[in-house]
Structure formats: C-alpha cells, structure tokens
Amino acid sequence: MKRYFKFLAFVLFVSISYNGLAQTVKADKHPFKIYAFIVYGGYMQNGTEIKASYKQLSQYLSGYGIKGYNLIYEQKMLDYPDGKKENGVPNINRIDSLGREALELANTPVSLDLEGWKRFDTIKTPQRMLEVIAEFKRVNKQSPLGLYATVPQNTYAYAENINRYDQWNKAYASVAAAVDYFSPSLYNYDGHDTVGWNKSAVYNMAACKRYGFPGKPIVPYLTPEVTQKGGPTTMLTYEEMMNHLQTIYRLGASGCLVWTSSGTRDANGNKIYIDINSGWLKAVRDFMAAH
C-alpha cells in the first residue's frame, strides 16, 4: 500500500512539473521567421565562389525564404560632441530620416544598436533610449522596432550567477514596454560549448517573458561566428546551429536575427563565402523546411 501511494505521489509530481514547464516552453508548431544580416564576400555555387555585395547576398538568401532586417548602428543616429560613445546625443534629423527610409519596407523588422551608452547607468541610459525610440516612432509607426541586446541585457557567456542580471533587466522595464519585439543576444560567447549556450538561452528567453508582454515576439540574435582569443574565427557546425534553432523554437521564439561581421576572415585571411548546402547555413535551410 505504501508503495502504491509513493507511486501516486511521484506521478502527481511529474504531472505538476510538466504542467509548469508547459507554460514556458512552446512545444506546439508555431510560425518562425529567420532574418539575416550577411556581409560576407559572397556565396558558393557549384563549387565556385561567387562574389556578391550585401544587397546581392540578401537577394540570394531571399530565394530560400531567409528575409533581411534593417540593422541601424548607433553612429547613424547619434552625435558625439566630445568623441566619446558614452556621451552620444540623439540626432533628431537623422533619426527622422532613418525612420522614413524604413517605411519603404514597412514590414521589415528594424533593430537599433545602441551599445555606446553605459548600460549599468539605469537612470540616464533607459531615458536616452526611450528618446530615440519615441522619435523613430513619431515618423514611423509601422515598422516593428526592437533593440539589440537591451531588453533583456546582454549576459555574455553563461555563469552560475547569471540571475544577477534580473535587477538590471527590471530597470529597463520602460524600454521593454516601448519596443515591439525582444532581441536577446545569444551569440557564441561560450565558444562551441552548446551546453553553456543552452543554459544562457533558457535564462534569456525567460527574462523576456518576465517583462509581462506575452503578445510581443521574441526574436533573438544568433551568429554563426565563434570568435576565439588569439585564434581565427570559426563557424558553427551544422549540428550546433541546428541545436540553437531548435532550442529557441522550443522556448517560444517567433524567429531569429542572424548577424555577421564584415571583418570576419577564415584561417587563411580570406573573406567568408556562404554555402546553402553545407555547414551552419544548411542547418538554417533544413530547419526552415521542417517548420
């Protein structure tokens, strides 16, 4: 009899645990869009390197359903009177111009990169960001607008005390309310360690949800690049990129923003050429086909 009751208690525990997990993990099939900012040398076609500009690469990827997004770096939006990024001042005219330009592709997500201000100054910095967001939206109320690695704050590599970011994320609640979608940075700060990456993804996705806006999409930043100190930049493998995509999908992401650097070179110092039929990009293609 005691064994029977112990068994019932175990079943109840598993049921409660599963139901609690179901509130944070989207197991059902749902829409997922992949956007890319690829600024490499070109693409591979039948074993041949085809040189391509950013625009040409974007057109090439669009043929496989990979859309572009409008990434706006802070130097396009701010002035630096004393030459210091931390003291950048919003340039209203330029922000207005950028907002109007974005209307030409109104359904394309706009992502503002405002990393120069001191992020742990939770008084001035959120207010400055709100000023930029408000001005952009004054002239453009159509384009979905988000911020790179701001709500929630960038945690970089995973650490056991990652919860310390809770306090800073809370300080940016007003910014979270102002954006249209959340974009945590899930770059490969842990190198090729998918275990650490997965833990970071779980925390960051949960941090987005803690803001209390269930209707706002979560569209994390991903990159195929793995930067190593003292060594060449390497690329995620097929398996690693597939893991990243499947993980954020299960955690409820509505898509992702794939970012690359124009300065990235291979071990021989050559520009990178993407290959839709191998490696990380094939994982993207296969994932899209399955979802």
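The table below gives the values:
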| item | result |
| --- | --- |
| Positions within the stretch 33-57 being closer than 16 Å to Ile218 by Cα and either surrounded by fewer than 19 Cβ atoms within 10 Å (Cβ to Cβ) or at pLDDT below 95 (or both), in sequence order | Lys33 |
| Set Pro126, Pro109, Pro90: member being surrounded by 13 or more Cβ atoms within 10 Å (Cβ to Cβ) and in contact with a Pro (Cβ under 7 Å, 6 or more places away or on another chain) | Pro109 |
| Odd one out for Ala102, checked against (1) surrounded by fewer than 13 Cβ atoms within 10 Å (Cβ to Cβ); (2) closer than 29 Å to Pro31 by Cα | (1) |
| So Lys170, is it over 21 Å from Ser261 (Cα atoms), free of Cβ contacts under 8 Å to residues at least 40 places away in the same chain, of a type outside the set (S, T, N, Q) and part of a loop (DSSP other than H, G, I, E, B) | no |
| Residue within the stretch 103-118 that is closer than 17 Å to Tyr73 by Cβ, hydroxyl-bearing (Ser, Thr, Tyr) and out of contact with any strand residue (DSSP E or B) (no Cβ under 9 Å at 6 or more places or on another chain) present | no |
| Counted residues, the stretch 188-202 - those being touching a strand residue (DSSP E or B) at 6+ places or on another chain (Cβ under 7 Å) and buried (at least 18 other Cβ atoms within 10 Å of the Cβ) | 1 |
| Residue count, the stretch 242-266 (criterion: out of contact with any strand residue (DSSP E or B) (no Cβ under 8 Å at 6 or more places or on another chain) and without any contact (Cβ under 8 Å) to a residue 60 or more places away in the chain) | 6 |
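The values are calculated or read from the model by the stated rules, or taken from the named source; none is laboratory data. Values in this document were obtained by computation on a predicted structure and should not be read as measured data. Cβ: placed from backbone, ideal geometry, glycine included. Neighbour counts: every protein chain shown.
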